[in-house]
C-alpha cells in the first residue's frame, strides 16, 4: 500500500482519540485553558452527562478576534516557549480545541478587555467556519454540543449519564482544590449544582477548600505536611491513621499545580501508611509537589495525566519521610468520626416503639432506628427495674428506692472499678489520654480527662506498643543473618544486577547479602534470619523489579516488619486479662509517647474519645 498524507480531519480525530476519552476529558482541558488565561471565576454547565452539552465560561484575558482561527488549529499555543523543558502552564500542546471540534460541534466565543465587542468561531466535525462578531462579556465561552457525533463508535464506550456527570464533578473538584482563590460553579440539568466560592490563597484558605471538596471532617482529622529536599518542596495535608476510606479516590496529588494520578506518588502514600492502615483501607491526602519544571516531564501522556520525575527515588523518599514525620509529630489522635459513630449507637430508646407482641406489625425497631421522641417517663422505660413501684416514687428521694432490691440480684459484674476508688490526680487528667478509672469486660480501659471520656482497647493498644519497640530494636542495627550452605545463583538482566549492586549496602543492613556473579547474575550468600526458610531467587527478583520501578528496596523491609507485627500480636496483653490501676495508667502513658499508637498493627483504632459536651447532649443537659 502506498504511503500517503492523512487529511487534517483524520489527524484531528486521531488526536481526539488520545486527548478526549470522555466528556470529563473535555471539561478538564477547557477548565485548564481558563485557568491559564488568569480566570478568577469559572462556570461549567452540562447536560446529558456532557454528551449533549458542555459549556465553560470564564472571566480570563480572552482571545483576540484575529487569533481565533489559530486557537482552533493544531499545534498552536501561547503557553510554550522555545524551551520545551520549561513548562509552567497547565496546557501547552495546542491540541485540545481542534481535537474537540473534530468530534463535536464547538463554538468558541471570546472578548479581550480592550475590545469593543467579542468574536466567535464555530467548528463542526473538524470544519471551521468564519470569524464573526458577537456580543460577549470579557473572557471566553466554549460551548460543546453533541460530543462524538462525528465518531459514533466512541459513543458505545460511554457509560450512563449519571456516571459521566459524576466523572465531570470529580475532575472539577480535583482542579478546584489546587486553585482555592478561583470560584468554580458546576450546574446543569443532569446534576445538583456545585458551588465552590473563592477563598484566600493561603493556608487557611486551603483548609476551607479542603472542607468544601473532602468534607468538613477532613481538616479536623488531618495533619499538615511541609518538607523540602534537594529543590523539591512538598506541602499539603494527610489524614490521621484512624481516618481512612475504602478506596483511593480521596487521594489528591499535584505537581506544580497540575492534578496527576501518578503510580509513584500513590505507592509512596501506601508505603508511608503501611503499618498503620489495613490493606483494604486508604488514607485521605492532598499533596502538592513543587519543583523545577526541568526536573519533571509532564509530556508523557497526551492528556497530561501522568508525569515522570528525573529522580523518582528522591520524590518517593520525600513523600514517605514527610508523612511518617507528620504522623509521629502529630502525636496520638483519635478520629472524630469514631466518636460520632459511637454516639450514634447511644440513642435513648423510643418508649412508643412497640415490638411484635404490642402493635401486631411484626417489626421490632433496630437500635439505629430508635430515637428519643420525648414523653419519656421512668414507668414506661423499657430499662426500668422489674416490678418497681413508681407510684410512690414521689414520696422518696428517688423512684428506684421503692424497690431497690431489684438491683441487688447476684449478677457478676464485668468491670474492675478499683482505679476509681482513688482520687483523680489533676496532672493525669491534663494528659491526652487522662487517668484510668475502670476496666470493663477485662479488655476496655475507661479513662477520664478534663473534658472527655476515653475508652481504650488494651490488646490493640499494647500490640502497637510492642510492635514499635520491636521495629526500633530490629532496624537500629544490621539484622541477624542466616548463611546459606551453598550460595544461590540468580540469573537476571544486567540492568537489574546493576540496580541490586547499587543498593547492596542497604540490603546488607536488612540481612540480605549478595554480590555480583559474572555477567547477568548475582550470588545470594545470606538471608535475613527472621524470614526463616525463604525463596531467595524470588525475593531477589521482586526486589529488582521494585528498584526498577521505585528506586527503593522497601519490600524487604515490609516483609521484616510484617513478621514483627505478628510477633507483637502474640506478645501483647491479651483481652481478658485484668489490669491493676497502675498498669492501666502505665499503658496510657506509653501510648502517648509512641508514634502511631492511635491504631493497632492492623489499622484498627486503639481508643475512642467522647467529649463531655457530647455526653451531656446525650442526656439532654445541652
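The values are calculated or read from the model by the stated rules, or taken from the named source; none is laboratory data. Small disclaimer: the values here were computed from a predicted structure and weren't measured. Cβ: placed from backbone, ideal geometry, glycine included. Neighbour counts: every protein chain shown.
So which residues in region 120-133 are out of contact with any helix residue (DSSP H, G or I) (no Cβ under 6 Å at 6 or more places or on another chain) and either part of a loop (DSSP other than H, G, I, E, B) or surrounded by 15 or more Cβ atoms within 10 Å (Cβ to Cβ) (or both)?
Once the filter is applied, which keeps residues that are out of contact with any helix residue (DSSP H, G or I) (no Cβ under 6 Å at 6 or more places or on another chain) and either part of a loop (DSSP other than H, G, I, E, B) or surrounded by 15 or more Cβ atoms within 10 Å (Cβ to Cβ) (or both), region 120-133 yields 120, 122, 124, 125, 128, 129, 130.
Among the residues of region 279-298 satisfying the criterion of being surrounded by 15 or more Cβ atoms within 10 Å (Cβ to Cβ) and part of a loop (DSSP other than H, G, I, E, B), which is modelled with the lowest pLDDT?
Result: 298.
Going residue by residue through region 467-477, is there one that turns out to be under 30 Å from residue 586 (Cα atoms) and not in a helix (DSSP H, G or I)?
Yes: one or more hits.
Give the residue, chosen from 204, 220, that is outside the structural domain of residue 284 (by TED's automatic domain parsing), modelled with pLDDT under 90 and over 30 Å from residue 49 (Cβ atoms).
204
Tally time: how many residues in region 500-515 are part of a strand (DSSP E or B) and either buried (at least 16 other Cβ atoms within 10 Å of the Cβ) or outside the structural domain of residue 552 (by TED's automatic domain parsing) (or both)?
Within region 500-515, the first condition is being part of a strand (DSSP E or B), and the residues that meet it are 513-515.
Now drop any that are not either buried (at least 16 other Cβ atoms within 10 Å of the Cβ) or outside the structural domain of residue 552 (by TED's automatic domain parsing) (or both), which leaves 513-514.
Adding up the residues that qualify gives 2.
Against the definition (surrounded by fewer than 20 Cβ atoms within 10 Å (Cβ to Cβ) and in a helix (DSSP H, G or I)), how does residue 163 come out, yes or no?
Working: surrounded by fewer than 20 Cβ atoms within 10 Å (Cβ to Cβ): yes; in a helix (DSSP H, G or I): yes.
In short, yes.
Being at pLDDT below 90 and in a helix (DSSP H, G or I) is the requirement here; does residue 89 meet it? Working first, answer last.
Values: at pLDDT below 90: yes; in a helix (DSSP H, G or I): no.
When the stated conditions are applied, residue 89 does not pass them.
Just one of (1) outside any helix (DSSP H, G or I); (2) crowded, with 20+ Cβ neighbours inside 10 Å; (3) not assigned by TED's automatic domain parsing to the domain that holds residue 284 trips up residue 236, so point out which.
Result: residue 236 passes all but (3).
Assuming residue 235 fulfils every condition listed in (1) under 25 Å from residue 309 (Cβ atoms); (2) within 12 Å of the chain's Cα centre (by Cα) apart from one, which condition is it?
Here residue 235 meets the rest and fails (2).
Is it the case that region 470-488 has a residue that's touching a residue at least 40 places away in the same chain (Cβ under 8 Å), in the same structural domain as residue 591 (by TED's automatic domain parsing) and closer than 30 Å to residue 581 by Cβ?
Yes: region 470-488 contains one or more residues that are touching a residue at least 40 places away in the same chain (Cβ under 8 Å), in the same structural domain as residue 591 (by TED's automatic domain parsing) and closer than 30 Å to residue 581 by Cβ.
Is it the case that some residue within region 606-613 is touching a residue at least 40 places away in the same chain (Cβ under 8 Å), in a helix (DSSP H, G or I), in contact with a helix residue (DSSP H, G or I) (Cβ under 7 Å, 6 or more places away or on another chain) and at negative phi?
Looking for residues that are touching a residue at least 40 places away in the same chain (Cβ under 8 Å), in a helix (DSSP H, G or I), in contact with a helix residue (DSSP H, G or I) (Cβ under 7 Å, 6 or more places away or on another chain) and at negative phi, one finds none in region 606-613, hence no.
Just wondering, is there one or more residues in region 574-593 that are within 21 Å of residue 469 (Cβ to Cβ), more than 24 Å from the chain's Cα centre (by Cα) and at pLDDT below 75?
yes
Exactly one of these conditions fails for residue 489: (1) in contact with a helix residue (DSSP H, G or I) (Cβ under 8 Å, 6 or more places away or on another chain); (2) exposed (fewer than 15 other Cβ atoms within 10 Å of the Cβ); (3) modelled with pLDDT of 90 or more. Give me its number.
(1)
Can you pull out the residues in region 585-605 that are under 18 Å from residue 330 (Cα atoms), assigned to a helix (DSSP H, G or I) and in contact with a strand residue (DSSP E or B) (Cβ under 8 Å, 6 or more places away or on another chain)?
588, 591
Do the conditions hold for residue 78, that is, is it under 23 Å from residue 114 (Cα atoms) and modelled with pLDDT under 90?
yes
For residue 481, work out the one condition from (1) more than 31 Å from the chain's Cα centre (by Cα); (2) surrounded by fewer than 16 Cβ atoms within 10 Å (Cβ to Cβ) it doesn't fulfil.
Of the numbered conditions (1) more than 31 Å from the chain's Cα centre (by Cα); (2) surrounded by fewer than 16 Cβ atoms within 10 Å (Cβ to Cβ), the odd one out for residue 481 is (2).
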